[in-house]
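In what follows, a structure is listed as structure tokens, so that the remarks can point back to it.
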Amino acid sequence: MGVGMLDDEDKKDLMEAFDDLRVELESCISEIIDSPGDATNSQLNRLFRAIHTVKGNAGLMGVSPVVEFSHAIEELASALRKRTITLTELIAETLLIAMDRLHDIHEKELYDKHFEHLRIDELKTLYHALAIAETDEADGMAMQILQLLGAGIADGVPNHSIILRTTSTGS
């Protein structure tokens, strides 16, 4: 099944499922960042499963661009789950922005919405590099992603409005 074969109900269901999983991922990230000490295995597994399910749903519906971008994010979630890198605030910010990009890709593919400068290929490459980065390089890679996106980075300090948004809404 390809995107052209999806009816309006299928598109709506896929978008709603994505939105639910996005809330789950944001909640999980917020819990990890807000809790002192290491993330629990359960939290890291939930984070991975949310992204994996986004990828799987898109695959079932034949939305290849979502599958491809989700795969790059899934690699990062896998590295976090294996604890080869740690979920820092910078990496959390990149994951939250990745979910924003995934939303945009869904909108583009399902509803033919036009977006300027999604930079998906560059981002896939950077997310892949982040997933395989050494622990001491991970925040630097995350900073490159944030700088590419112009995510309110000034003097190496992230704009935490995205993280704060998830914690203040109780998600």
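Tabulated data
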read-out: Cross-link partners of residue 11 among lysines (Cα-Cα below 27 Å; sequence separation of 8 or more within a chain); value: 55, 108, 113, 124
read-out: Carbon plus sulfur fraction of accessible area for the range 1-56, probe 1.4 Å, in percent; value: 50 percent
read-out: Dipole moment magnitude, nearest 20 debye, the range 1-133 about Cα centre, only Lys, Arg, Asp, Glu C-beta charged; value: 600 debye
read-out: Gap separating the Cα centres of the range 11-25 and the range 87-126, nearest whole Å; value: 15 Å
read-out: Under Karplus coefficients 6.51, -1.76 and 1.60, residue-wise ³J(HN,Hα) of the range 95-110 in Hz, glycine/proline x; value: 5, 5, 5, 4, 5, 4, 5, 4, 4, 4, 5, 4, 4, 5, 6, 7
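The values are calculated or read from the model by the stated rules, or taken from the named source; none is laboratory data. Predicted model, so just to flag it, every value in this text is computed and none were measured. Note that we place each Cβ from the backbone using ideal geometry, even for glycine, and neighbour counts take in every protein chain shown. Please note that ligands, DNA and RNA were not included when accessible areas were found on the heavy atoms of the full protein model with its side chains. Shrake-Rupley method; radii C 1.70, N 1.55, O 1.52, S 1.80 Å.
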